[in-house]
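Asker: Below is one structure. I have some questions about it.
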Amino acid sequence: MNWSDLPPLSALRAFAAFADKGSVQEAGDALNVSHAAISQQLRVLEKHLGVSLLDRNGRALRLTEEGEILAREAQTGFAGIAQTVASLTGVEAARPLRITTTTSFAANWLMPRLPEFRANFPDDDIVIEAHAERIDPSAGGVDLAIRYGAGDWPGFETVLLVASPVVGVATPDVMAKAKHDLSNVQWLQELGTHEGSEWLHRQGLKPKGGVLTAPGNLTLDAARAGQGVAITSRVAAEADLVAGRLQVVFEESLEKGYYTVTRPGVHRAPLKRFLQWLRRGAATSQGLSPS
């Protein structure tokens with residue numbers, strides 16, 4: 001890296017604050033300086049780069065296309081610095097640990113195991129956000145995402161937690177019907193996933209009843225009630241398969257599973273504890289030696 005090419009930090013910080021707040025006045029308030037000082041730093045930055053970052057033709061300043069690009073990188077960089085500083089100084093230690101995952105994984109794998117963590121670390125507050133929307137770990141936001149897939153999420157640290165193929169599961173009665181005609185049963189798919197539709201497409205199947213898409217816990221509830229074949233991960237349906245409530249209609253041997261997804265860099269203490277416990281529990285459940 002050629003450090004001499006980098007703009008003055010004060011100018012870059014003023015620019016990031018302006019991009020975040022949307023006005024010179026609010027950026028000045030955020031940095032506890034005058035709006036005139038912010039305006040001066042913005043000009044210093046443009047002069048240093050030789051690029052117009054702001055469109056001054058309207059009544060209010062707006063970012064140019066180049067300004068938008070730099071703003072994204074500057075805000076990401078400052079957010080990462082802020083999180084690392086907070087982690088090193090212990091400022092974030094009291095913030096609840098925020099975890100995002102799917103409803104099916106939360107209900108069928110994570111929640112049944114969570115009492116063990118709570119018993120060992122009763123002072124760690126945890127917020128679990130279970131829904132289909134993909135939310136990336138971010139500074140001061142979500143600490144950990146647990147996602148199903150092949151682990152290819154650029155820009156994040158991903159570690160395989162539990163390997164799990166895609167399966168179609170149904171009650172014995174629906175299973176018997178499905179064996180005769182796979183297109184004559186209702187198919188259930190978890191909201192936010194595409195594995196079910198992709199499998200049906202590969203098989204050339206067009207279900208007469210269509211495909212019902214709903215949150216993961218609801219698709220499994222519907223399968224247990226005999227409403228159709230739920231396409232899900234084997235991990236989510238494992239307890240029902242062991243108990244005999246559901247049977248496997250098909251199993252896809254693709255190399256997929258649930259991954260822990262975190263931001264690169266220093267992890268704060270509650271996240272370190274949770275990841276260690278999570279991976280140890282996953283290894284034990286799969287008959288592996290905990291690392």
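The values are calculated or read from the model by the stated rules, or taken from the named source; none is laboratory data. Quick caveat: nothing in here was measured; it's all calculated off a predicted structure. In this analysis, Cβ positions are derived from the backbone assuming ideal geometry, glycine residues included, and neighbour counts consider all displayed protein chains. Side chains are part of the model used for accessible areas, which takes the heavy atoms of the whole protein and leaves out ligands, DNA and RNA. Shrake-Rupley method; radii C 1.70, N 1.55, O 1.52, S 1.80 Å.
Asker: Considering only protein heavy atoms and a probe of 1.4 Å, how much of the accessible area of the stretch 24-147 is carbon and sulfur, as a whole percent?
Answerer: The computed percentage sits at 53.
Asker: Name the residue, out of L205, L97, L220, whose mean-square fluctuation peaks in a Gaussian network model built on the chain with Cα pairs under 10 Å.
Answerer: Fluctuation is largest for L205.
Asker: Right, another one. With +1 on each Lys and Arg Cβ and -1 on each Asp and Glu Cβ, how big is the dipole of the stretch 3-71 about its Cα centre, in debye rounded to the nearest 20?
Answerer: 240 debye
Asker: A further question on this structure: Where in the chain is the longest stretch that carries no GluC sites (Glu not before Pro) classed as loop by DSSP and with at most 12 other Cβ atoms within 10 Å?
Answerer: With a cap of 12 other Cβ atoms within 10 Å, the longest stretch comes to 1-132.
Asker: For the chain, set up a Gaussian network in which alpha carbons nearer than 10 Å are linked by springs, and say which option among L275, L54, L114 fluctuates the most.
Answerer: L54
Asker: When the expected Rg is taken as 2.2 N^0.38 Å, what fraction or multiple of it is the alpha-carbon Rg of the stretch 72-222?
Answerer: In units of the globular-protein estimate, the stretch 72-222 measures up at 1.34.
Asker: Counting only the heavy atoms of the protein chains, how much of S52 is accessible to a 1.4 Å probe, in Å² to the nearest 10?
Answerer: About 80 Å², rounded to the nearest 10.
Asker: Percent of Cα-Cα pairs per 10 Å bin, from 0 to the last occupied bin, for the stretch 145-291, please list those.
Answerer: For the stretch 145-291, the pair-distance distribution reads 11, 37, 30, 17, 5, 0.
Asker: Let me ask something else. Quick one: what Rg and Dmax do you get for the stretch 134-189 from the alpha carbons, in Å?
Answerer: Taking only Cα atoms of the stretch 134-189, I get Rg and Dmax of 17.9, 53 Å.
Asker: Carbon and sulfur together cover what percent of the accessible area of the stretch 176-280 at a 1.4 Å probe radius? All intermediate terms of the calculation are to be shown ahead of the outcome.
Answerer: Working: 2650 of 5260 Å².
Ligands and nucleic acids excluded, carbon and sulfur give 50 percent.
Asker: Excluding ligands, DNA and RNA, what is the solvent-accessible area per residue of the stretch 176-291 at a probe of 1.4 Å, expressed in Å²?
Answerer: 52 Å²
Asker: How big is the accessible area of F156 in square angstrom, nearest 10, if you roll a 1.4 angstrom probe over the protein chains?
Answerer: F156 has an accessible surface of roughly 50 Å² with all protein chains in place.
Asker: Suppose accessible area is computed on protein heavy atoms with a 1.4 Å probe; arrange H267, H201, H35 from highest to lowest.
Answerer: Final ranking, largest accessible area leading: H201, H35, H267.
Asker: Can you give me the accessible area per residue for the stretch 1-144, using a 1.4 Å probe, in Å²? Mind showing how you got there, number by number?
Answerer: Numbers: 8480 Å² over 144 residues.
Result: 59 Å² of accessible area for each residue.
Asker: Relative to the compact-globule scaling 2.2 N^0.38 Å, provide the ratio for the alpha-carbon radius of gyration of the chain.
Answerer: Compared with the compact-globule rule of thumb, the chain sits at 1.31.
Asker: Name the residue from L12, F156, L53 whose Cα lies farthest towards the positive end of the charge dipole of the chain, charges +1 on Cβ of Lys and Arg and -1 on Cβ of Asp and Glu.
Answerer: It is F156, whose Cα lies furthest towards the positive end.
Asker: Between E255 and R56, what's the calculated FRET efficiency when r is the beta-carbon distance and R0 is 51 Å? Round to 0.05.
Answerer: With a Förster radius of 51 Å, E is 0.45.
Asker: Picking from T260, T219, T76, which is most flexible by a Gaussian network model of the chain using Cα springs under 10 Å?
Answerer: Among T260, T219, T76, the largest GNM mean-square fluctuation belongs to T76.
Asker: Express the relative contact order of the chain as a whole percentage, based on alpha carbon pairs under 8 Å and six or more residues apart in sequence.
Answerer: With pairs under 8 Å counted, the relative contact order is 20 percent.
Asker: Considering only protein heavy atoms, with the full assembly of protein chains and a 1.4 angstrom probe, order D124, D181 by accessible area, largest first.
Answerer: My answer, sorted largest first, is D181, D124.
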